[in-house]
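**Q** Have a look at this one.
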Amino acid sequence: MHKLRKIGKILLIFFVLLLTMLYFLQEKLIFLPTNLPSDHVYSFDVPFEEIFLEAEDGAQLNAIHFKQDNPAGVILYFHGNAGDLQRWGGITTFFAQWSYDVIVMDYRTYGKSTGKLSEQALHGDAQLFYEYALERYTNDDIIVYGRSLGTGIATYLSANNKPAQLILETPYFSLLDVAKERFPFLPLKWMMKYHFLSYKHIQGVQCPITIFHGTEDDIVPYESGKRLYESISGKQAEMYTIEGGAHNNLINFDTYQEGIDKILDQSKSPEDK
């Protein structure tokens with residue numbers, strides 16, 4: 001009995017230490033930034049302007065604004081949790097073939113961006129870039145696009161503004177939902193600083209919503225994205241299920257290409273077609 005009590009105490013101490021470690025290290029598990037030197041010179045195949053916006057707390061937020069001669073509109077793009085603008089800028093040049101401008105920012109601690117991370121700060125930064133876009137385009141010209149981690153930010157932003165479209169690639173029901181899939185034995189509801197409750201915020205989105213998700217996604221489970229889609233009530237929404245699609249390769253599938261083509265072509269004004 002004494003040995004059992006001793007083992008129980010050791011297990012309890014280990015469990016408490018595990019919870020403490022996960023609580024303080026959770027940002028390192030969620031956010032996987034790479035840094036760029038301040039004098040890094042971007043290089044892309046599409047004309048662009050590098051910009052910095054300053055947040056209320058003084059954080060400097062770096063972004064790339066890709067520009068077309070006669071843009072059909074603008075895609076405000078919120079990227080995934082790994083890498084920096086040199087990578088994501090290259091990825092978003094994909095949309096140039098539809099003659100859309102693209103604005104893609106690096107989150108705090110990513111690339112050249114500075115500042116302290118928090119869910120509230122990330123939402124505030126996204127709003128700052130939406131307002132930057134509104135100074136140059138109308139709401140009807142703005143498509144908000146979120147990928148992976150960025151889908152929670154894009155959903156919240158769209159619920160609090162009036163973009164023309166919301167596109168979500170590999171989204172989650174909530175970040176908490178994804179974490180529970182991986183650590184079902186932990187009291188994550190009380191531990192996590194970042195919840196990104198997409199299922200809640202998506203109810204406030206007034207524009208058409210399109211979701212793309214692959215059935216073989218091992219980062220954000222397909223079922224999480226499907227739950228998010230099924231939670232949408234009374235809105236124009238469509239989900240493209242990409243059979244065999246993983247987390248980072250949807251662009252290789254005809255279903256994704258055809259879906260994006262349909263959305264961006266329909267979003268163009270008649271004179272742009």
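**Q** Kindly sort Lys112, Lys193 by accessible area of their heavy atoms, largest first, with the probe set to 1.4 Å.
**A** My answer, sorted largest first, is Lys193, Lys112.
**Q** How far, in nm, would the chain grow between Asp69 and Glu50 when pulled straight, counting 0.36 nm per residue and subtracting the alpha carbon separation?
**A** Here the answer is 5.1 nm.
**Q** Work out how much length Thr215 to Asp254 would gain on full extension: take 0.36 nm times their residue separation and subtract the Cα-Cα distance, in nm to one decimal.
**A** Separation in residues times 0.36 nm, less the Cα-Cα distance, equals 12.6 nm.
**Q** Determine how large the accessible area of Val46 is when every protein chain is in place; take a 1.4 Å probe and give Å² rounded to the nearest 10.
**A** 20
**Q** Over 26 Å between C-alpha atoms is what I'm after, so list which of Lys112/Lys226; Lys28/Lys112; Lys67/Lys200; Lys226/Lys262; Lys112/Lys193; Lys67/Lys262 land there.
**A** Among Lys112/Lys226; Lys28/Lys112; Lys67/Lys200; Lys226/Lys262; Lys112/Lys193; Lys67/Lys262, the Cα-Cα distance tops 26 Å for Lys112/Lys226; Lys67/Lys200.
The values are calculated or read from the model by the stated rules, or taken from the named source; none is laboratory data. Given the structure is predicted, the values throughout are model-derived calculations rather than measurements. Please note that ligands, DNA and RNA were not included when accessible areas were found on the heavy atoms of the full protein model with its side chains. Shrake-Rupley method; radii C 1.70, N 1.55, O 1.52, S 1.80 Å.
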